[in-house]
Amino acid sequence: MRFLEACARRPVDATPVWVMRQAGRYLPEYRAIRDKLSFIEMCKRPDVAAEVTLQPLRRFDLDAAIVFADILLPLEGMGIGFHFVSEGGPVIDKPVRAAADLAGIRALDPARDVPYLIETINLVRRELADSVPLIGFAGAPFTLASYVVEGGHSKDYAAIKTLIYSDPDTFDRLMRMLSDAVVAYLLAQVDAGAQALQLFDSWVGWLSPYDYERHALPYVRSVIERVKGRAPLIYFANGAAGMLPLVATAGSDVVGVDWRSDLDRAWAELGDGIAVQGNLDPVVLLGPAAAIEPRVADILHRAGARPGHIFNLGHGVLPSTPPDNVKYLVDAVHRLSAAS
Ligand code: CP3
């Protein structure tokens, strides 16, 4: 399977490609189900979550599936309630701002708290057999903490940064609890049949390298140490173009690079011992198909002949993306990389 070979930096016949957020609202067959069920209901119904996981694979020649779930799902079992508001994204019921707010938080027990996810992975693996591997995922500790402390999406991450600066002990205790939960959540997915893992650090790019190194990276490192060897692990550090040498020390097999760097420069900073995933700007997929190919060719050229490149977007696919453009992208990656 090309994707797993590339994770191990072994040569492949064509560059593997998958798309972050490949199961979602840009697909009419997703929206047809979503019209009847809430997003959380979809996640908690294994038959539905498995179906939605497989939808993009029926349309496109993707090299991996990613299980339909969310980085926030473990929070509920930990006693951190949240809900989704339409257009506004996730909202945390009681954001953590001080030591006393940690009192109600408990350890995640995947069998008790996310049995639906385990069942979804079982169903998807049965369907996929050995066609393409299945990726499980979690949020990285800082990205999860940013939701728990900010209470939702943030423009400036002022609340979590202020917690770091003013009460580092409470921040550290929260990060340790989240790190333990992330480890349990990832290992449960591997036990259920996930063949690779991705850690999404979507908001870590809002930290200075100084704070990243002290207040985010050590927890990522500890998570990776504890899952290492169970499945190849991709660490997607969004917005981290200014601190890639630090990102490389997290210990992942693969680093996911956003679109703000040239892939060859990013790879030079990460070092040859790491596989690289990325990094097409997702907005390219909104434009005409003719605009896609030169950008795919450029990224493949920058990856060069080195083994260990997994093609992906530099962040999640946007809901307004025409599905035909995703098809064009996937086919172009295979065609151009096989020919070179
Ligand atoms: O990649 C996939 O196809 C698997 C499914 C997946 C979802 N969320 C489903 C989802 C994955 C990998 C995620 C990860 C995720 N969730 C991240 C990291 C990736 C990134 O984009 O940086 C983050 C930050 C979240 C938290 C989250 N979940 C937000 C901020 C939102 C609301 C914004 C939005 O995109 O709608 C969600 C909801 C969500 N998660 C949806 C889906 C398909 C949309 C739900 C709907 O249909 O309304």
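Remark: C-alpha extents of the chain on the principal axes read 60, 45, 37 Å, sorted largest to smallest. Summing charges over neighbours of Ala159, with a neighbour being any other residue whose Cβ is under 10 Å away from its Cβ, gives 0 when K and R count +1 and D and E count -1.
Entry comment: accessible area of the chain is 40 Å² per residue, from protein heavy atoms only and a probe of 1.4 Å. Inter-part distance, the stretch 267-340 to the stretch 63-92, computed on C-alpha centroids, equals 27 Å. Taking amide H as placed 1.01 Å from N in the peptide plane, the amide H of Gln198 sits under 5 Å from that of Gly136, Phe137, Ala138, Ile234, each at least 5 places away or on another chain. Here the stretch 67-174 is treated with +1 on each Lys and Arg Cβ and -1 on each Asp and Glu Cβ, and its dipole about the Cα centre works out to around 80 debye.
If a spin label sat at a point 7 angstrom from the Cα of Arg25 along the line to its beta carbon, the backbone N atoms of the stretch 298-320 nearer than 20 Å would be those of 313-320. Per-residue Karplus couplings for the stretch 217-226, computed as 6.51 cos²θ - 1.76 cosθ + 1.60 with θ equal to phi - 60°, are listed in order as 4, x, 6, 4, 4, 5, 4, 5, 4, 7 Hz, Gly and Pro entered as x. Each peptide in 172-185, 202-215 receives the mean, over its residues, of other Cβ atoms within 10 Å, and ordering these scores from highest gives 172-185, 202-215.
Rounded to the nearest 20 debye, the dipole magnitude of the stretch 187-340 is 200 debye, with +1 charges on Lys and Arg beta carbons, -1 on Asp and Glu beta carbons, and the Cα centre as origin. In the chain, helices alone account for a calculated mean residue ellipticity at 222 nm of -14000 deg cm²/dmol, with every DSSP H run of four or more residues adding -39,500 (n - 2.57).
Surface composition of the chain: carbon and sulfur atoms hold 52% of the protein heavy-atom accessible area at a 1.4 Å probe. Size estimate for the stretch 153-279 follows the Kirkwood approach: the inverse of mean 1/r over distinct Cα pairs works out to 15.2 Å.
The values are calculated or read from the model by the stated rules, or taken from the named source; none is laboratory data. What you see is a predicted model; the values in this text were computed from it and never measured. Here the Cβ is made from the backbone with ideal geometry for all residues, glycine too, and neighbour counts use every protein chain on show. These accessible areas exclude ligands, DNA and RNA; they are computed on the full protein's heavy atoms, side chains included. Shrake-Rupley method; radii C 1.70, N 1.55, O 1.52, S 1.80 Å.
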